[in-house]
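Worksheet: one structure, shown below.
Since every read-out is calculated from the coordinates, none of them should be taken as a lab result. From a predicted model like this one, the values you see are computed outputs, not experimental measurements. Glycine gets a Cβ as well: all are built from the backbone with ideal geometry, and neighbour counts include every protein chain shown.
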Amino acid sequence: MIDVIVPFEQEGTKAVVRAWLKQVGDRVEVDEPLVELETDKVAMEVPASAAGILREILLDKDADAIPGAILGRIDPVLERSDGAADAEGAPPPPAPEEAAAPPPPAADVRNPELRLSPAVKRACLQHGVDPTSIAGTGRGGRVTRSDVDKAVAQGRAAPAAPATAAPASAALSRANPGIRSHDVPHDRMRLKIAENMLASVSQAPHVTAVFEADFSAITAHRERHKADFAKRGVKLTYSAYFIAAAAEAMKVAPAINSRWHADRLELFDDVNIGIGTALGDKGLIVPVLRQVQTLSLEGIAAGLDALIEKARAEKLTAADVSGGTFTISNHGVSGSLFASPIIIAQPQSAILGIGKLEKRVVVREVGGQDAILIRPMAYVSLTIDHRVVDGHQTNGWLSRFVEVLETWPGD
């Protein structure tokens with residue numbers, strides 16, 4: 001028997017079994033998705049470690065999956081010349097009268113409903129989408145969250161229930177008698193986000209500084225180069241410029257890229273930047289682009305594009321969301337001009353916020369005279385752990401960040 005084990009490396013403090021993609025008695029191939037786990041941060045598929053027959057499921061749905069624990073066992077069968085399956089080195093099969101009773105019929109795993117991730121199931125229920133009507137773009141034709149979002153955008157959601165039909169679980173509020181309400185249990189990701197946010201503001205004294213940045217230079221550069229990048233399969237976004245500028249700003253205030261310890265400050269030589277990525281109602285995940293100080297603008301754009309696609313397709317691995325030393329929250333994409341405080345992702349020391357890009361009237365000196373101009377502007381903020389740095393380093397970092405954006409080369 002070949003053991004299928006819970007990966008030793010996982011992002012999050014706890015994992016649970018969410019779904020088995022095969023049932024006992026099913027044939028599996030090497031590296032074929034076998035079981036889906038979910039931590040408080042990511043969902044992951046554990047592949048089959050060998051070809052053969054799935055003989056045992058030791059950790060069933062909703063069971064805790066501790067790293068190194070055995071999920072199930074595969075019998076590495078070989079095909080005999082007569083077409084029958086036989087286990088390598090296994091004893092002869094028992095006589096018919098001694099054979100164990102066959103297990104009850106397994107559910108039809110070909111039904112797409114049984115192969116949906118938790119996030120996809122929630123999205124289907126929320127929007128009234130029939131998953132069997134969606135052509136999945138995930139591995140093996142599985143329906144992904146982005147597939148559901150596209151179906152909703154195309155108007156394929158089921159019609160809403162009549163207004164008079166209250167949710168089945170609706171009842172009078174326990175906290176506010178006389179008000180009808182219904183409970184929505186917290187999912188694992190939301191609980192972990194709440195825990196992390198509370199821990200961060202409890203541990204670190206947050207201070208936020210705000211600057212204003214003129215995006216004229218990077219807007220012009222992007223317009224000139226985005227078509228060429230696209231021809232090479234790379235999507236050039238504003239976030240790529242933010243990451244490049246952040247890496248450059250670390251040179252004037254290295255302590256921004258650090259971790260606080262009780263007896264020392266750990267300064268990181270690598271700049272690994274996490275980008276907050278919204279997952280709809282489920283919450284936020286932060287994929288990490290590593291060693292950005294070594295990357296060109298195109299390298300940053302390509303790496304970022306790949307990570308965002310994996311995040312939206314719910315294919316991020318534990319390695320994709322770990323090891324960050326600094327984080328950027330581009331909250332302006334959802335319309336906010338400014339947000340404060342943007343809570344630091346512990347144990348990092350700072351987080352950058354980018355507000356909504358909009359045209360504003362500004363005063364600039366042109367030819368020695370003040371002139372009123374219209375420029376693409378955005379507020380940028382840096383929230384810092386005041387144990388680590390003071391206002392001098394904070395403002396120095398932001399000054400350099402804004403300078404890089406506003407003086408971006410025109411070539």
Subject >> Placed amide H near Leu58: partners under 5 Å, 5+ positions off or other chain >> reply: Gly72, Arg73
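Determine, for Trp20, Trp397, Trp408, Trp260, the number of other Cβ atoms within 10 Å of each Cβ, and report the residues in order from fewest to most.
Details: Trp20 24, Trp397 27, Trp408 20, Trp260 17.
In increasing order of surrounding Cβ atoms, one gets Trp260, Trp408, Trp20, Trp397.
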**OP:** Could you please rank His221, His261, placing first whichever residue has the fewest other Cβ atoms within 10 Å of its Cβ?
**Re:** His261, His221
**OP:** Using label points projected 7 Å from each Cα along Cα→Cβ, tell me how many nm separate Asp62 and Lys226, to one decimal.
**Re:** 4.7
**OP:** Provide the gained length on full extension for the span Glu365 to Ser336, in nm with one decimal, where the gain is 0.36 nm per separating residue minus the Cα-Cα distance.
**Re:** 7.5 nm
**OP:** Put one equal scatterer on each alpha carbon of the range 187-300, apply the Debye formula with no solvent term, and list log10 I(q)/I(0) at q = 0.17, 0.20, 0.23 1/Å to two decimals.
**Re:** -1.12, -1.30, -1.37
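Find how much the distance from Phe211 to His261 grows on full extension, using 0.36 nm per residue of separation minus their present alpha carbon separation; answer in nm with one decimal. Show your work: numbers first, answer last.
Values: separation 50, 0.36 × 50 = 18.00 nm, distance 2.89 nm.
Contour length minus Cα-Cα distance gives 15.1 nm.
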Subject >> Relative compactness, the range 242-337, computed as alpha-carbon Rg over 2.2 N^0.38 Å >> reply: 1.13
**OP:** Would you order Thr325, Thr137, Thr317 from fewest to most other beta-carbon atoms within 10 Å of each residue's own beta-carbon?
**Re:** Thr137, Thr317, Thr325
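What pairs in Lys235/Lys315; Lys61/Lys235; Lys235/Lys356; Lys150/Lys231; Lys315/Lys359 have C-alpha atoms more than 30 Å from each other?
Values: Lys235/Lys315 19 Å; Lys61/Lys235 39 Å; Lys235/Lys356 20 Å; Lys150/Lys231 25 Å; Lys315/Lys359 37 Å.
Violating the 30 Å Cα-Cα cut-off are Lys61/Lys235; Lys315/Lys359.
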Original post:
In whole angstrom, how far apart do the alpha carbon centroids of the range 292-360 and the range 220-253 sit?
Top reply: 13
Original post:
Under a no-solvent Debye model with one identical scatterer per Cα of the range 189-406, what's log10 I(q)/I(0) at q = 0.09, 0.12, 0.14 Å⁻¹?
Top reply: -0.36, -0.64, -0.88
Original post:
Put a dot 7 Å past each Cα toward the Cβ at Ser181 and Lys315; how far apart are the dots in nm?
Top reply: 4.1
**OP:** Pop a pseudo-label 7 angstrom from the Cα along the beta-carbon direction at both Leu284 and Ala199 and give the gap in nm to one decimal.
**Re:** 1.7
